[in-house]
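Undergrad: A single structure is presented below for examination.
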Amino acid sequence: MADKKITQLTANTSVASTDILPIVINPGTTPENRKVTLANLLSPISLSSGKVGISWTSPSYPLSVVAPASSSANNVTTDSGLSVQSSSSDTFGTYLRQTSNASTTITGNTFMNQIISKGGSGLEIYTITGTLSLGTGATERLQISGAGNVGVGTAPTISDGTGIHVNGKIIRLATSKTPASASATGNAGEICWDSNYIYVCTATNTWKRAALSTW
């Protein structure tokens with residue numbers, strides 16, 4: 001091997017974790033030739049049929065990440081997910097985690113943005129400070145403020161408490177509903193309509209209505 005240039009060696013296009021690489025240890029003092037497998041060199045990274053696994057010996061997808069056992073059952077910890085950061089000290093990165101624990105919280109974690117899949121119990125997306133936005137066509141369409149206000153087509157401006165701010169001309173309730181009576185089941189604040197009235201639930205199981213007319 002020492003008699004060949006690197007460019008003369010046959011390229012290996014299908015790398016396996018059992019492949020062996022030659023290495024030289026103590027090159028500055030008493031150099032020795034040794035060998036190491038890719039599995040030992042890259043541990044805990046595994047390579048299998050073009051797929052990469054981190055803490056996963058037989059990855060099923062192009063990139064598969066499995067967290068080692070965590071000492072915390074309910075809090076997001078630094079060894080139980082995948083973080084995307086600009087540097088090792090960056091706490092403004094994004095943190096992704098999958099868990100089967102429906103009671104998982106984000107208490108105690110310093111990442112500003114977190115996505116937690118709760119394995120059958122839902123998906124949670126958090127931003128610890130600032131706003132959470134969704135958009136299409138490179139334009140923001142929906143914003144949730146740090147106070148929990150929701151803006152559709154705009155940053156929400158709410159004068160009292162938590163509310164919804166729609167930057168548009170129409171709010172549509174597509175299906176009509178007629179409460180059976182003034183004491184029909186309802187929760188305070190619910191609104192519905194039919195061809196004759198608009199109904200507002202002003203207290204639990206208490207409805208009032210306003211008649212509609214043409215003009």
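We did not get these values from a lab; they are worked out from the coordinates using the rules stated. Remember, it's a predicted structure, so these values are computed and weren't measured experimentally. Cβ: placed from backbone, ideal geometry, glycine included. Neighbour counts: every protein chain shown.
Undergrad: How do Leu41, Leu173 line up, fewest other C-beta atoms within 10 Å first?
TA: On the way: Leu41 13, Leu173 10.
Placing the least packed residue first, the sequence is Leu173, Leu41.
Undergrad: If you don't mind, there's one more thing I want to ask. Convert each backbone phi in the stretch 200-215 into a coupling constant with the Karplus relation 6.51 cos²θ - 1.76 cosθ + 1.60 (shift: θ = phi - 60°), then list the ³J(HN,Hα) values in order as whole Hz, x for Gly and Pro.
TA: Coupling constants for the stretch 200-215: 10, 8, 8, 7, 3, 6, 9, 10, 10, 9, 10, 6, 9, 9, 7, 8 Hz.
Undergrad: Can you list residues whose amide H is under 5 Å from Val166's amide H, if they're 5+ apart or on another chain and H is modeled 1.01 Å from N?
TA: It is Val152, by chain and number.
Undergrad: Still on this model: In what order do Tyr126, Tyr199, Tyr61 fall by count of nearby beta-carbon atoms within 10 Å, going from fewest to most? Please list the in-between numbers first.
TA: Values: Tyr126 16, Tyr199 19, Tyr61 10.
Neighbour counts put them in this order, fewest first: Tyr61, Tyr126, Tyr199.
Undergrad: Still on this structure, I have one more. Can you tell me which of 51-57, 192-198 comes out highest on packing, and rank the rest after it, using the mean Cβ neighbours within 10 Å?
TA: On the way: 51-57: 16.0, 192-198: 13.6.
Put in order of decreasing packing, that is 51-57, 192-198.
Undergrad: Quick check: residue separation of Ala155 and Leu123 times 0.36 nm, minus the Cα distance between them. What number comes out in nm? Write out the running numbers ahead of the final one.
TA: Working: separation 32, 0.36 × 32 = 11.52 nm, distance 2.38 nm.
Gain on extension, Ala155 to Leu123, equals 9.1 nm.
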